[in-house]
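A short write-up of the structure that comes next.
Just so it is clear, none of the values below were taken in a lab; they were calculated from the coordinates. All values reported here derive from a predicted model rather than from experimental measurement. So basically every Cβ, Gly included, is an ideal-geometry build from the backbone, and we count neighbours across all protein chains shown.
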Amino acid sequence: MLGFQPYETFQLLIETGGVDRTNTLLIAACDAYARRGKPTLPEMEQFETLAARLFPTAGPQARAKGAAILGRAELLSPKLEQLVVENIGEDLIAFLEGAPELSDQTMLDIIGRYDVLACATLAGRDGLSNVVLAKLFQMNSRKVYRALAANQHIVPRGAYLSALARSAQMDHMVAEALGQRSDFDAALLAPAFFDLSDAHRLKVIHAFAHRSTPVAPIARTIEQISVASAELTKALMKLFSENRRPEVTRLLAQITGLDEVRCGQIAHDVTGASLFVILRAFGATAYDGLKVLIHATSHDYDRSKALADFASLFGNVSPESMAYLMSAWRGEVNLLELSKPQYQPFTATSRRTPGLAPAHNPVVDQAIEALARIGARRAS
């Protein structure tokens, strides 16, 4: 077999040589098979029969070593994969990561054992069948979902999209992984908004640009307050300019219905992303909104670039969509409705279509510079 010993000789040695001889034969046979390259079907079937006799008879260390060697073979049948998985021991994860191909049956057997680390490794592989994916998505494991969220070979749609969106609400690492994907609708990360990095918070807001949304439950409350939008922005600017953020927290709690902990996060968010959502939801214009953001945001980074981005968002994002985002924070909406055709963005970014952030705009720059010169002493 395999060009170095007849099969009958192996059988005789197994029967008469004892455990030590079997250990040697197992490692030699696995090494010969791994070096063979791509075996023929008769060779594979013959080796399956031999390996099925050698593995149970050999000692634990020899089984683990033989399985590790066999795992490097170019082609394994499902039966040989099963022998590797059952005997490889601590090297199982390395095998699952490096194996060029794995049969569905092998993967389903591993999932059936509920070995979380092994299942998470499988969830990161490419070429997973729908049968395997369905089983992985049924697992209640953060590690598995983190791997699924980061796997660019899995298209987030249908039931997979729903499962990933729900998982993002419970695990910030899943939300962050999904935020890095270009094929995932960042608007679905709205409930995890405060767990995201600064860049991904802005990405969520951008996802609502040029987009219709269902009517938000909070819309009626906002209508009652929006008539006093100028007074609201004036009050916020004064409070932020005097660094009275606890009072900002209480004011936001009164007008938004969000709990004080969440409003405290908004009041102390020096990036301005969450405050922008509030301002735009209540109908603030770019001019009034930027005046508030100038006093609320940190001075430790390039503020002009950030404010220019917010200036474009005031023009591209509707108050209705930000009201919907606020309702998502309150857990009042089903975000999966956004996957319906009528709620898809009106425009798509392409080579001919500029992104949501505008190119260098002297008018916007001049407005920001003028607003930046407004000192705290002039806030009233």
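Cβ crowding within 10 Å, taken as a proxy for footprinting-reagent exposure, orders SER167, SER103, SER298 from fewest neighbours to most as SER298, SER103, SER167. Here the alpha carbons of the range 102-182 define both size measures, Rg and Dmax, at 11.7, 34 Å.
The fraction of all Cα pairs in the range 142-205 landing in successive 10 Å bins from 0 to the largest distance is 27, 61, 13, given as whole percents. Cβ crowding within 10 Å, taken as a proxy for footprinting-reagent exposure, orders SER197, SER241 from fewest neighbours to most as SER197, SER241. Among CYS30, CYS263, sorting on how many other beta-carbon atoms sit within 10 Å of each Cβ, with the fewest leading, yields CYS263, CYS30.
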